1. List the pairs whose first member sits in the stretch 53-75 and is touching a residue at least 40 places away in the same chain (Cβ under 8 Å), whose second member is in a helix (DSSP H, G or I) and buried (at least 18 other Cβ atoms within 10 Å of the Cβ), and whose Cβ atoms are under 8 Å apart, counting only residues at least 6 apart or on separate chains?
2. Just checking, which of 87, 33 is touching a residue at least 40 places away in the same chain (Cβ under 8 Å) and over 10 Å from the mean Cα position of the chain (by Cα)?
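Quick note: the coordinates plus some simple rules give every number you see, no bench work behind them. This is a predicted model, so every value here is computed, not measured. Backbone-built Cβ (ideal geometry, glycine too); neighbour counts: all protein chains shown.
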């Protein structure tokens, strides 16, 4: 989604970024399981200024990863808003299996 046209003010921009990041988090959790990715995974979300939004995003990711049958650990969000995730390797990723 192109966020440039969807924002007008700073507060509205942060709300939009939060909503897009939450949608992305759900899809990222699905794709990690579907593709059976493992190792260190870095997720680059849209930068958000509000700490409350960052906390909610991290909590949502934590909940999404709890439903993963393979041990997945949400490490932290860096100062650059990069989220580090580690996932244990159990079998080959989907692209290697094919």
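1. Taking only residues 6 or more apart or on different chains, the pairs are 72/32; 72/65.
2. Only one candidate passes the filter, namely 87.
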